[in-house]
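Colleague: Pasting a structure here, questions to come.
None of the figures in this text is laboratory data; all of them are computed from the coordinates on show. None of the values given here were measured: they were computed from a predicted structure. Ideal geometry is used to build each Cβ from the backbone, glycine not excepted, and the neighbour counts take in all protein chains shown.
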Amino acid sequence: MKTIIITGVTGQDGSLMADYLLKDTNNFVYGACRRLSVPNHQNIEHLKGHERFKLLELDLTDAESINEAIRQIKPDYFINFAANSFVGNSWKMPINHMQTNCMGVLYCLEAIKNISPHTRFYNAGSSEQFGDVSYSPQDINHPFKPRSPYGASKCAAHHIVKVYRESYGTHAVQGILFNHEGVRRGEEFVTRKITKNVARIYNSKRSGESFAPMELGNIDSKRDWSDAQDFVRGVWMMLNQDSPKDYVLSANETHSVREFVELAFKAAFIEGDWIGEGLTERFVDKETGKDLLIINPAFYRPAEVDLLWGDSTPARQELGWTPKTSFSKLVEKMVASDLHWPYND
Ligand code: F7E
């Protein structure tokens with residue numbers, strides 16, 4: 001039986017990874033999360049009572065809780081998906097981002113080195129590390145030029161993972177994952193914010209009620225979006241290499257927020273036109289002439305990453321990883337889920 005600790009198990013990636021690993025009867029998963037006074041467990045509700053799943057209380061900012069978990073379990077794998085992951089919030093809480101996303105990683109690495117050196121460690125890296133990009137598409141050799149406290153925290157973590165790998169032989173990798181989404185995505189991220197709003201507007205239109213438009217910030221930024229389910233498979237492949245090496249995971253395509261908006265409304269059979277420009281630009285319902293979307297400068301960031309576009313060729317060639325879900329299918333799947341419509345992949 002392989003023992004695996006997954007931190008951030010209540011989040012999108014952590015819960016998907018738990019689902020994926022529990023399909024193999026040789027895996028026992030310890031799902032680690034922080035104690036909250038009002039628990040946020042909807043993504044793992046279905047795992048409670050599973051004979052090979054156990055919840056573990058652990059906080060990345062508390063080194064002793066990490067030491068204790070590693071001392072008790074001495075896991076074969078430690079997959080760190082816990083993070084402060086909302087880039088937009090990182091300007092408001094930069095210290096917390098650095099403590100969780102960087103110091104937390106260092107606590108994990110120290111605990112593994114001192115207590116359980118056989119443990120394989122994965123840390124969630126991010127395309128935000130590339131930031132103000134120098135060339136496209138971005139591959140594993142692209143320089144780190146972060147534009148946010150979040151991006152800087154992930155770069156710092158990346159370097160410390162490499163240092164432990166090279167200094168102590170720790171089997172540690174930090175995959176650089178481009179944006180990955182799905183029906184469990186948090187509602188503050190732009191994709192889920194869009195699909196939730198599309199569902200709300202669809203339902204209001206259907207019942208003949210008036211509706212407020214959705215409000216977004218920079219709709220011209222471009223991202224390389226994939227399905228998070230495809231990525232947890234890639235992460236597991238990264239962890240099971242004979243010797244540790246970092247990889248990029250991406251769809252190798254880039255799309256604007258604007259394109260995501262158009263496709264999401266289209267998936268709910270709502271057609272719109274873009275009218276105006278800059279802060280007064282709007283997406284207007286062709287049928288009723290009402291605003292479906294307006295721009296709100298409050299959702300702009302102090303510094304933006306304008307374009308992310310990944311190159312995951314090495315992961316595809318060397319690990320044999322291939323993503324299954326296309327961009328358009330991902331949008332359709334998320335809209336269908338928020339509308340409670342059946343959807344077959
Ligand atoms: O923003 C623009 C925003 O918050 C995407 C995290 O998982 O991926 C994610 O980071 C784009 C940005 O994701 C709104 O300015 C416009 O250009 O969905 P997001 P992100 O910042 O790319 C990376 C790889 C991670 O590692 C992160 O943890 O959309 N945008 N209007 C907006 N974004 C939000 N959230 N809300 C808006 O209203």
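Colleague: Across the range 68-84, what is the number of residues that are buried (at least 17 other Cβ atoms within 10 Å of the Cβ) and away from the ligand (no atom under 16 Å from the Cβ)?
Modeller: 7
Colleague: Out of all the residues in the range 85-105, which are surrounded by 19 or more Cβ atoms within 10 Å (Cβ to Cβ) and assigned to a helix (DSSP H, G or I)?
Modeller: Result: VAL87, SER90, HIS97, MET98, THR100, ASN101, CYS102, GLY104, VAL105.
Colleague: Yes or no: the range 43-54 includes at least one residue that is over 14 Å from LEU21 (Cβ atoms), surrounded by 18 or more Cβ atoms within 10 Å (Cβ to Cβ) and in contact with a Ser or Thr (Cβ under 9 Å, 6 or more places away or on another chain).
Modeller: Yes, there is a match, as at least one residue in the range 43-54 is over 14 Å from LEU21 (Cβ atoms), surrounded by 18 or more Cβ atoms within 10 Å (Cβ to Cβ) and in contact with a Ser or Thr (Cβ under 9 Å, 6 or more places away or on another chain).
Colleague: Shifting gears a bit: Identify all residues within the range 106-147 that are in a strand (DSSP E or B) and hydroxyl-bearing (Ser, Thr, Tyr); write none if there are none.
Modeller: Within the range 106-147, TYR122, SER126 meet the criteria.
Colleague: Given (1) over 30 Å from LEU21 (Cβ atoms); (2) surrounded by 19 or more Cβ atoms within 10 Å (Cβ to Cβ), identify the lone condition not met by TRP274.
Modeller: (2)
Colleague: For the range 313-345, give me the residue count where each residue is closer than 30 Å to TYR135 by Cα and either of a type in the set (A, V, I, L, M, F, W, C) or touching a Pro at 6+ places or on another chain (Cβ under 8 Å) (or both).
Modeller: 6
Colleague: When only residues in the range 2-49 that are of a type in the set (S, T, N, Q), out of contact with any strand residue (DSSP E or B) (no Cβ under 6 Å at 6 or more places or on another chain) and not in a loop (DSSP other than H, G, I, E, B) count, which is nearest to ARG185 (Cα to Cα)?
Modeller: The residue in question is GLN12.
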